[in-house]
Amino acid sequence: MSQHYEQVGVAVTCRSFEEYVRMFDLREQRLEGRILDIAGGASSFTADAVAGGLDAYAADPRYALDYEVLIREATEEIAVSAAKIAKLADKFDFSYYGSVDNHRANREASLLRFEAHFGQPEERAKRYTAASLPHLPLESDSFDIVLCSHFLFLYEDQFDYSFHRDAILEMMRVCKPGGTVRIYPVMSLRWTPYAHMDELLEAIRGAGGSPGFFTSKLPFIPGSELGLFVNL
């Protein structure tokens with residue numbers, strides 16, 4: 001049996017607002033202004049944030065799909081990922097979720113909240129943009145906080161260094177001066193650190209960003225304690 005999480009293609013994710021706060025080590029007082037969740041998939045972060053009075057938006061190429069198709073894909077992915085995690089349960093940190101079953105239930109609850117919000121035509125048109133890194137159809141300097149969860153470095157085997165560099169520079173472009181970009185985790189699905197981090201940090205500095213690392217409060221994946229931030 002493989003000793004790491006095997007994935008073909010990019011999975012559609014379903015994570016909650018609370019998971020985002022823990023993953024990105026966000027503090028409530030920092031969640032101000034316009035917030036963008038890139039590669040948001042079917043996560044309920046935007047729906048949960050808006051329900052809490054925040055000004056949140058999401059971008060993902062799957063938002064171009066028919067509503068029913070996206071929900072079906074997300075539902076199927078929850079089942080597939082739960083089976084994979086169950087086989088490797090001894091490798092993961094369940095201190096937050098408690099168990100494999102609770103982890104799956106959390107995903108299912110998140111999907112339901114996303115489904116309810118995304119299913120409202122006015123909210124879908126306003127809050128959700130069909131877009132793929134490294135080119136976002138969004139205005140420069142338009143968001144105070146830009147987040148990217150479980151994409152980028154996680155798929156190091158599928159995307160080369162130039163993609164990661166261009167993707168992060170694009171995230172910096174849409175972030176306002178004084179804002180912050182946060183990416184989590186900084187490791188691959190093989191559970192190894194991103195191989196070109198030093199080169200990437202130099203590119204970020206060269207583009208005017210101030211990069212560093214934060215400690216996640218939700219290190220579910222083995223060795224995933226760190227995330228990358230870029231202050232503008």
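The table below lists the values:
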| item | result |
| --- | --- |
| Distance (nanometres) between label positions extended 7 Å along Cα→Cβ at Ser132 and Lys91 | 2.7 nm |
| For segment 51-65 versus segment 92-158, the gap between their alpha-carbon centres in whole angstrom | 8 Å |
| Distance between modelled label sites at Gln120 and Asp160, nm, 7 Å Cα→Cβ extension | 4.4 nm |
| Per-residue ³J(HN,Hα) for segment 138-144, Karplus 6.51 cos²θ - 1.76 cosθ + 1.60, θ = phi - 60°, Hz, x for Gly and Pro | 10, 5, 5, 6, 10, 9, 8 |
| Positive minus negative residues near Phe159 (Lys, Arg vs Asp, Glu; Cβ under 11 Å) | -3 |
| Between segment 164-232 and segment 76-90, the Cα center-to-center distance that results, in Å | 26 Å |
| Accessible area in square angstrom per residue, segment 116-232, 1.4 angstrom probe | 42 Å² |
| DSSP H segments from the chain that extend 18 Å or more along their own axis, Cα-based, with Kyte-Doolittle mean of -1.0 or above | 67-87, 100-118, 161-174 |
| Ellipsoid semi-axes in whole angstrom, largest first, where each is sqrt(5λ) of the Cα gyration tensor of the chain | 24, 23, 16 |
| Sum of side-chain charges, Leu65 neighbourhood, beta-carbon under 15 Å (Lys, Arg +1; Asp, Glu -1) | -4 |
| Rg/Rg_ref, segment 102-155, where Rg_ref = 2.2 N^0.38 Å and atoms are Cα | 1.41 |
| Segment 75-158 - percent of accessible surface contributed by carbon and sulfur, probe 1.4 Å | 50 percent |
| Per residue accessible area of segment 37-94, 1.4 Å probe, in Å² | 40 Å² |
| FRET efficiency, 1/(1 + (r/R0)^6) with R0 45 Å, evaluated for Ala195 and Ala51 via beta carbons | 0.70 |
| Given 12 as the ceiling on other Cβ atoms within 10 Å, longest exposed-site-free region of the chain for GluC sites (Glu not before Pro) in DSSP loops | 33-138 |
| Computed helical MRE - 222 nm, the chain, DSSP H runs ≥ 4 contributing -39500 (n - 2.57), nearest 500 | -11500 deg cm²/dmol |
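The values are calculated or read from the model by the stated rules, or taken from the named source; none is laboratory data. On a predicted model such as this, the values are computed, not experimentally measured, just so you know. With ideal geometry, Cβ positions are generated from the backbone for all residues, glycine too; neighbour counts draw on all protein chains shown. Just the protein is used for accessible areas: all its heavy atoms, side chains included, with ligands, DNA and RNA removed. Shrake-Rupley method; radii C 1.70, N 1.55, O 1.52, S 1.80 Å.
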